[in-house]
1. For the stretch 23-56, how many residues are open to solvent by 40 Å² or more (accessible area, probe 1.4 Å) and either acidic (Asp, Glu) or closer than 17 Å to Trp91 by Cβ (or both)?
2. Specify which of the listed residues (Leu8, Leu26) is modelled with pLDDT of 95 or more, out of contact with any Pro (no Cβ under 8 Å at 6 or more places or on another chain) and of a type in the set (A, V, I, L, M).
Amino acid sequence: MRIGCDGLDDESLVDLAEVRWRTGDLDGAGEAARAYLETGGDDLGALVIAAEAAVLGNHVGEAQRLVERALAHGGAAVDEVFAGMPRSGIWPLDPLARPEQ
């Protein structure tokens, strides 16, 4: 059961994910981001948050797939999403680089 996500539209799920992430609730942020992505969405912020939450949950394969999708939006754009937030080691050091396959 999703807590705090039911009844929200796609845009609201992305907003909820970002607010939870930026206030230190990565578990809740990941839940909202995954709920959004399950609808077929491809928002860069949701991808970043879901990747970070996957790393936290030790789901490295899932995190790598999400990182690849996020980097397809552009490495510089990924940097803008983080905007000073800490990032896990799953992200390439060069934001314009793609992770090795």
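The values are calculated or read from the model by the stated rules, or taken from the named source; none is laboratory data. None of the values given here were measured: they were computed from a predicted structure. Methodologically, a virtual Cβ is constructed for each residue, glycine included, from the backbone with ideal geometry; neighbour enumeration extends over all protein chains shown. Ligands, DNA and RNA are stripped out before the accessible areas are found, and what is left, the full protein with its side chains, is counted by its heavy atoms. Shrake-Rupley method; radii C 1.70, N 1.55, O 1.52, S 1.80 Å.
1. Number of matching residues: 8.
2. Working: Leu8 fails: modelled with pLDDT of 95 or more.
After ruling out the rest, the residue left standing is Leu26.
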